[in-house]
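This report refers to the structure that appears directly beneath it.
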Amino acid sequence: MTDTSTSFSGVTAQAKELDDAYVMHTYGRLPVEFVSGKGAELTDVNGKVYLDFLAGIGCASLGHANPVIAQAVKEQLDRVWQVGNYYYVEHRGDLAQKLSQLLSTTTDELGHVTGSTGSVWKTFFANSGAEANEGALKVARRWGERKLDGAAGIISARQSFHGRTLATLAATGQDVFHKSFGPFPQGFDYVPLNDLDALTKMVDAGGACAVMLECVQGEGGVWPADLDYLRSVRKLCDERGLLFVVDEVQTGFFRCGAPFSFQLAGIEPDVVSMAKGIASGFPMGGVAARAELGDLLVPGDHGSTFGGNALAAAAGLATVEEMLSTGLGEHVIATGAHLAQKLTELPHVTEVRGRGLMRGAQFDAPIATALVDEGLAEGLVLNHIGDSILRFLPPLVVSDEQIDTMAERLARLIDKVA
Ligand SMILES: Cc1ncc(COP(=O)(O)O)c(C=O)c1O
């Protein structure tokens, strides 16, 4: 295997020096400094152009610096940014109404829209995915307090990822995240994904108020929940009176073809958390609950200084409107299938998982890190999970031609490092 640690640099010495000296080292950084972007392309400080298959970790869904969203934010910048949640602001209600429409959409198993459930959803706006999930956990625990004799247990899946706050780390079903920073909030249990018997046993052991799942586990390695499993979980929660919470932080906003990935299974959850794609990369998150549950939290129960402020609301509303008016879902279904096909044809790939434009390629050798490092020299922004999985989350506006170019470059790289 090639040593790639010093083979490429698209970052200025000053940027690296300052970052190393003054920014907390919670991330290992790659040696590149991006200064601009357009669509699915990023440009570094030296003017080199890259094809981006990560999209700011799944956020820049409409492409980098999308002019429509930029214009909406610019207009809001000149008006008012932040007044606090004691007041009404433009766009927040419109965005929540659009989210309600998106959440009640029905689709087939590929994501083609078929209609609406007619449900009304209410949203609490936050600033990130972890905060969105904190809100979801509070709704679930209030439900347990009111309807299930104080049951407070949350059952989530092994290999899940729900965020970096203490409660969302506790909800994250990976031991590696539970080694430091304890004690964690109590009441979290884990079951293997797609194992209905294990889930039923745990629910029947008592004490749980909610089941919390990602429909495709992202950070855990791109592991999809079976659509039949999701339908069975819905049924189980209905029968036992538990809430079904779906974490759509990574899978939402057409990432998997449908507006939200639970729609592929033809189900409707009780609570849905979201972030990443909601505002084109502007920091925003939200937790939505069907209207009858959305009133479980009352004034004083939950809050956020910045959540749903005027700038974020403008970015979010423009994003959702643009997604709907450009027929993004159909584009994702088509390009997602093309991406999956291209990845399947690559050497050393043993399995391609995922849905829409959220894909994982499993390799038969520990070459994923080297591919990410070498990818930069080849003008590719790639992402690995562990040693043998590449995860692909391109901007949803990526074209078939860009996918073809990425696959050609990646095939060359695989030959080089394998
Ligand atoms: C499914 C899921 N939930 C929650 C989070 C946490 O989101 P954030 O980093 O915005 O707090 C992530 C982040 O990757 C995620 O993929």
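Every number here is computed from the coordinates shown, using simple stated rules; none is lab data. All values derive from a computational prediction rather than experimental measurement. FYI the Cβ positions are ideal-geometry reconstructions off the backbone, even for glycines, and counts take in every protein chain you see.
Rounded to the nearest 0.05, what FRET efficiency is calculated for Glu17 and Val68 with R0 set to 60 Å and r the Cβ-Cβ distance?
On the way: r = 37 Å, r/R0 = 0.62.
The calculated FRET efficiency here is 0.95.
With an 8 Å cut-off on Cα pairs and a minimum separation of 6 or more residues, tell me the relative contact order of the chain in percent. It would help to have the intermediate numbers written out before the result.
Values: 893 pairs, mean separation 94.9, N = 418.
Relative contact order comes out at 23 percent.
Considering only DSSP beta bridges with both partners in the chain, what is the antiparallel share in %, to the nearest 5?
Values: 36 of 55 bridges.
Of all bridge pairs located within the chain, approximately 65 percent are antiparallel.
Looking at the square roots a ≥ b ≥ c of the eigenvalues of the Cα gyration tensor of the stretch 348-394, which shape do they give, rounded for a/c under 1.5, prolate if a/b is larger than b/c, or oblate? Numbers along the way, then the final one.
On the way: a/c = 2.24, a/b = 1.18, b/c = 1.89.
Oblate, since a/c reaches 1.5 and b/c is not below a/b.
Could you tell me the distance between the Cα centroids of the stretch 155-185 and the stretch 241-310, to the nearest Å?
One Cα centre to the other: 20 Å.
Which longest uninterrupted range of the chain lacks any chymotrypsin sites (Phe, Trp or Tyr not before Pro) assigned by DSSP to a loop state (not H, G, I, E or B) and surrounded by at most 11 other Cβ atoms within 10 Å?
On the way: sites that count: Tyr27, Tyr86, Tyr87, Tyr88, Phe181.
With chymotrypsin sites (Phe, Trp or Tyr not before Pro) excluded where exposed in loops, the chain gives 182-418 as its longest stretch.
For the stretch 1-148, state the average projected area of the convex hull of the C-alpha atoms over all orientations, rounded to one decimal in nm².
Details: hull surface 63.5 nm².
Quarter of the Cα hull surface area: 15.9 nm².
Per Stokes-Einstein, at 20 °C and 1.002 mPa s, what whole-number D in µm² s⁻¹ belongs to the stretch 109-255, with the Kirkwood radius over Cα pairs as the hydrodynamic radius?
Rounded to a whole number, D works out at 135 µm²/s.
Among Arg158, Arg255, what is the fewest-to-most ranking by other Cβ atoms within 10 Å? List each step's numbers first, then the result.
Values: Arg158 17, Arg255 29.
In increasing order of surrounding Cβ atoms, one gets Arg158, Arg255.
Given contacts defined as C-alpha pairs under 8 Å and at least six residues apart, what's the relative contact order of the stretch 339-418, whole-number percent?
Numbers: 118 pairs, mean separation 25.3, N = 80.
Across the stretch 339-418, relative contact order equals 32 percent.
What is the fewest-to-most order of Met274, Met323, Met406, Met24 by other Cβ atoms lying within 10 Å of their Cβ? Before the final figure, lay out each step's value.
Numbers: Met274 30, Met323 23, Met406 26, Met24 5.
Lowest to highest Cβ neighbour count: Met24, Met323, Met406, Met274.
Dipole magnitude of the chain about its Cα centre, charges +1 at Lys/Arg Cβ and -1 at Asp/Glu Cβ only, in debye to the nearest 20?
Working: 33 positive and 51 negative charges, 148 e Å.
Taking the Cα centre of the chain as origin, the dipole is about 720 debye.
List every residue whose amide H lies under 5 Å from the amide H of Gln217, counting only residues 5 or more places away in sequence or on a different chain, with H placed 1.01 Å from N in the peptide plane.
Residues meeting the amide H criterion: Trp223, Ala225.
Could you work out the longest stretch of the chain that avoids the GluC sites (Glu not before Pro) located in DSSP loops with at most 14 other Cβ atoms within 10 Å? Kindly include the intermediate steps, with their values, before the conclusion.
Numbers: sites that count: Glu90, Glu109, Glu345.
That would be 110-344.
Run the helix sum for the chain: -39,500 (n - 2.57) per DSSP H stretch of 4+ residues, divided by residue count, reported at 222 nm to the nearest 500 deg cm²/dmol.
Numbers: 13 runs with 150 residues, N = 418.
Mean residue ellipticity at 222 nm (helix-derived): -11000 deg cm²/dmol.
May I ask for log10 I(q)/I(0) of the stretch 74-325 at q = 0.08, 0.09, 0.13 Å⁻¹, from a Debye sum over the Cα atoms as equal point scatterers with solvent left out?
-0.28, -0.36, -0.77
Of Lys74/Lys276; Lys16/Lys48; Lys138/Lys235; Lys38/Lys122, which pairs sit farther than 27 Å apart, going by alpha carbon to alpha carbon? Write out the running numbers ahead of the final one.
On the way: Lys74/Lys276 20 Å; Lys16/Lys48 18 Å; Lys138/Lys235 22 Å; Lys38/Lys122 33 Å.
Checking Cα-Cα distances, Lys38/Lys122 exceed 27 Å.
Quick check for me: using +1 on Lys/Arg Cβ and -1 on Asp/Glu Cβ, what's the dipole size of the stretch 25-156 about its Cα centre, in debye to the nearest 20?
On the way: 13 positive and 14 negative charges, 83 e Å.
Once rounded to the nearest 20, the dipole reads 400 debye.
Order by neighbour count: Lys122, Lys179, fewest other Cβ atoms within 10 Å first, most last. Working shown, then result.
Values: Lys122 18, Lys179 7.
The fewest-first ordering by Cβ neighbours comes to Lys179, Lys122.
With the Cα gyration tensor of the stretch 168-253 giving a ≥ b ≥ c as the square roots of its eigenvalues, does the rule (a/c under 1.5 for rounded; else a/b larger than b/c for prolate; else oblate) give rounded, prolate or oblate? Don't jump to the answer; show the numbers that get you there.
Values: a/c = 1.82, a/b = 1.17, b/c = 1.56.
In terms of gyration-tensor shape, oblate.
What does the charge count around Leu376 come to, taking other residues whose C-beta lies under 12 Å from its C-beta (Lys +1, Arg +1, Asp -1, Glu -1)? Mind dumping the intermediate values first?
Values: positive: Arg29, Lys48, Arg409; negative: Glu33, Asp44, Asp52, Asp373, Glu374, Glu378.
Summing Lys and Arg as +1 and Asp and Glu as -1 gives -3.
Residues in the stretch 78-107 near a label at Thr305, defined as backbone nitrogen under 18 Å from the 7 Å Cα→Cβ point?
Counting backbone N atoms under 18 Å from the label point, the list is 81-87.
Counting Lys +1, Arg +1, Asp -1, Glu -1, what net charge surrounds Thr168 among other residues with beta carbon under 14 Å of its beta carbon? Let's see the in-between values first.
Details: positive: Lys138, Arg141, Arg164; negative: Glu131, Glu134, Glu214, Glu219, Asp247.
That works out to -2.
Counting alpha carbon pairs within less than 8 Å and at least 6 residues apart, what relative contact order, in whole percent, applies to the stretch 326-385? Before the final figure, lay out each step's value.
Details: 55 pairs, mean separation 13.5, N = 60.
Once normalised by length, the contact order is 22 percent.
Residues of the stretch 366-397 with the amide nitrogen closer than 15 Å to a label point 7 Å from the Cα of Ala418, along Cα-to-Cβ, please.
It comes to 366-372, 388-390, nothing else.
In nm, what is the difference between 0.36 nm times the number of residues separating Val35 and Ser180 and their Cα-Cα distance? Walk me through the numbers on the way to the answer.
Details: separation 145, 0.36 × 145 = 52.20 nm, distance 3.52 nm.
Once the chain is fully extended between Val35 and Ser180, it gains 48.7 nm.
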